Amino acid sequence: MRIRTLASIGCAMLMLAGCGRFGDSAGDSAGDSSWNPTTWFGSSEPETLEPEGGYPTTVEDGRLPVNHITAAHWEPLYEGRLLVVNAIPATEGWWNLALVTEVPMPKGRIRPDENGVLRLRLVGYPPKPGTREASRPANPASDTATVALTLSNEALSPVRQVVITGGGNVVTLNK
């Protein structure tokens, strides 16, 4: 029984020693020991989920800021809140309106800045130039757009304030 225990301890010590940097002079050019188990199945580079070249710094989807935000409010949900924003575009025919973060983030992830402020932009696609909708100004009675964004309790926990920017104004909501 004593030999089995000593053999187990000896193996564990060898494995632990393999994680160190001994034998680097005879190792490969990266300076990693061939005894290091973290290098047995691939490179010693740290793995990341970040895409090559990093996350995009600008979103170029062609959407423009919506002209005027008229209202913003919270609606309670079972597991969070619904941020509801009403706006009036400059002309008729705007489509695919959405609330997007000012700082690009991975899809489905929203987080505030270091001060707890979540900064959003209200954007959409304007009508094609030369169309009837592009030449007619929006009627506040019939062309009001409503956009909503669902935020879970987990996403809301670090948020202190929400700032929504439109083409002509900014609306601020406290949590």
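No lab work stands behind these numbers, since they all come straight from the coordinates. Just so you know, these numbers come straight off a predicted model, no measurement behind them. Cβ atoms come from the backbone with ideal geometry, glycine included; neighbour counts cover every protein chain shown.
Full extension of the segment from E52 to S135, taken as 0.36 nm per residue of separation minus the current Cα-Cα distance, would add 25.6 nm. Computed from the C-beta positions of V170 and E79, the FRET efficiency with R₀ = 35 Å rounds to 0.80.
Using θ = phi - 60° in the Karplus curve 6.51 cos²θ - 1.76 cosθ + 1.60, the 3J(HN,Hα) couplings for region 137-154 round to x, 5, 9, x, 6, 10, 10, 6, 9, 10, 10, 10, 9, 8, 10, 6, 4, 5 Hz; x is entered for Gly and Pro.
Length gained on full extension, K107 to Q161, computed as 0.36 nm times the residue gap minus the Cα-Cα distance: 17.3 nm. Here the extension length gained between V100 and A12 equals 26.5 nm, from 0.36 nm per residue of separation less the Cα-Cα distance.
Cα-based Rg of region 64-174 per 2.2 N^0.38 Å, rounded to two decimals?
It is 1.12.
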